[in-house]
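Inspection log for the structure reproduced underneath, given as C-alpha cells.
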Amino acid sequence: MAQHDNGYKNLFSHPEMVRDLLTGFVHEPWVAELDFSTLEKVSGSYVSDDLRDREDDIVWRVRFQNRWLYVYLLLEFQSTVNDFMAVRLLTYVGLLYQDIIKQEAWTPERKLPPVLPLVLYNGTRRWDAAQEVSELIEPLPGRLQDYAPRLRYLLLDEGSIDESSALELQNLVAALFRLEKSRTPQRMIQAIGALVDWLQAPAQTSIRRAFTVWIRRVLLPSRLPGTILPEAGDLLEVKTMLAETVQNWTQQWMQEGLQQGLQQRGCFKVKPIC
C-alpha cells in the first residue's frame, strides 16, 4: 500500500496532474477562471511540522481572480472508508490557515485565501462517509446550532467516476483512472498507448517518467502477480513489454490447450499426430 501511495504522490506532485484533476473532474464554473500557469506546490518549508507529517497529502496553490486558491489534496487509499474524514480535513485546513497567517500570506484585505479540500479515494467500497463536518455533530437545540463548525470537502471516488469523456480530451488523470480500472491487458495497453502519444514533448519528461515508474513498479505487479517483468526505461518500452508478455501468454495458453486436447484424444506428446 505504501508503494502505491508514494506512486500517486509522485504523480500528483506534477502541475499537469493537478490541472487535469481540476479541469476534468471538478465540474464548477470557477475552474475556468484558474490561471494554471501559476500552479505552485507549497513547499515543505512553508508547511508546519504538523502538516509535513501528513505524507499522503499535497498542497498546491493557483491564482484565482487575482488571489490565491489553495488546493489541499488528500490521497486516501485505505481499504475502509474513514467515517470522520470531514473532521480530519477540518484539522488540516486549520493548520494550513495557521501557517498562512504566520507567513502573513493573506489577501490585501487581510482575509484568508480560499482552500479547496479534495479527497481522492480509490478503495473498492464506494465512499459513503459524511462530506460535511456539521453532519457528524449531534443536532443542537435553538441557536446552539449556529456555533457548530462547518467544512465540506470535495470527494473524488475513483471507482464511481466516468473518466471516458475526459480521456478523449487528453486528460492525464483520466488516463490514470483508466489504468487503475483496467482488468484486461488490452485495455492497459490502450491507455498506455494514449500516454505515449500525449507525453512526447521534452518538457513532459518528468511526468512521463513518473507514469513509467508507477506503471512498472506499482500497477503491473498488482495486476500480474508472480510474473517476472523486464526493466523498462520509458512508456513506449512498457507498452512494448506488456504487449510481448501478452503475446507470449497467448501462445503458451494455445500450446497448452493443444497438448491437453491431443492427450484427451489419446495422442502422444512426442508425436502429436492422430
- Query: Would the range 101-114 turn up any residue that is farther than 30 Å from residue 239 by Cβ, assigned to a helix (DSSP H, G or I) and among the β-branched types (Val, Ile, Thr)?
  - Reply: yes
- Query: If we scan the range 87-101, do we find a residue that is surrounded by fewer than 17 Cβ atoms within 10 Å (Cβ to Cβ) and modelled with pLDDT of 95 or more?
  - Reply: yes
- Query: For the range 192-208, what are the residues that are farther than 19 Å from residue 18 by Cβ and free of Cβ contacts under 8 Å to residues at least 24 places away in the same chain?
  - Reply: 197, 200, 202
- Within the range 197-206, can one find any residue that is touching a Ser or Thr at 6+ places or on another chain (Cβ under 9 Å) and over 27 Å from residue 161 (Cα atoms)? no
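Each row is one residue, and each column tells you yes or no for (1) at pLDDT 90 or above; (2) surrounded by 15 or more Cβ atoms within 10 Å (Cβ to Cβ); (3) not aromatic (Phe, Trp, Tyr).
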{"residue": "204", "(1), (2), (3)": "yes, yes, yes"}
{"residue": "219", "(1), (2), (3)": "no, yes, yes"}
{"residue": "224", "(1), (2), (3)": "no, yes, yes"}
{"residue": "249", "(1), (2), (3)": "no, no, no"}
{"residue": "256", "(1), (2), (3)": "no, no, yes"}
{"residue": "262", "(1), (2), (3)": "no, yes, yes"}
{"residue": "265", "(1), (2), (3)": "no, no, yes"}
- Message: Tell me whether the range 60-79 contains one or more residues that are assigned to a helix (DSSP H, G or I), at pLDDT below 85 and exposed (fewer than 14 other Cβ atoms within 10 Å of the Cβ).
- Response: no
- Message: Just to verify a result, which residue in the range 219-239, among those that are in a helix (DSSP H, G or I) and either within 17 Å of residue 187 (Cβ to Cβ) or charged (D, E, K, R) (or both), is nearest to the chain's Cα centre (by Cα)?
- Response: 219
- Matching residues in the range 189-212 - criterion: being of a type in the set (Val, Ile, Thr) and closer than 15 Å to residue 242 by Cβ: 189, 192, 196, 212
- Task: Collect the residues in the range 85-125 that are in contact with a helix residue (DSSP H, G or I) (Cβ under 6 Å, 6 or more places away or on another chain) and farther than 21 Å from residue 149 by Cα, keeping them in residue-number order.
- Result: 122
- Members of the range 130-151 found to be modelled with pLDDT under 95 and assigned to a loop (DSSP other than H, G, I, E, B), listed by number: 137, 138, 139, 140, 141, 148, 149, 150
- Query: Which is more than 17 Å from residue 42 (Cβ to Cβ) and without any contact (Cβ under 8 Å) to a residue 24 or more places away in the chain, of 110, 126?
  - Reply: 110
- For residues that are of a type in the set (S, T, N, Q) and in contact with a strand residue (DSSP E or B) (Cβ under 9 Å, 6 or more places away or on another chain), scanning just the range 125-172, find the one that is surrounded by the fewest Cβ atoms within 10 Å (Cβ to Cβ). 134
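The values are calculated or read from the model by the stated rules, or taken from the named source; none is laboratory data. These numbers come from a predicted model, not from an experiment. Don't worry about glycine lacking a Cβ; one is built from the backbone with ideal geometry, like all the others, and counts go over all protein chains shown.
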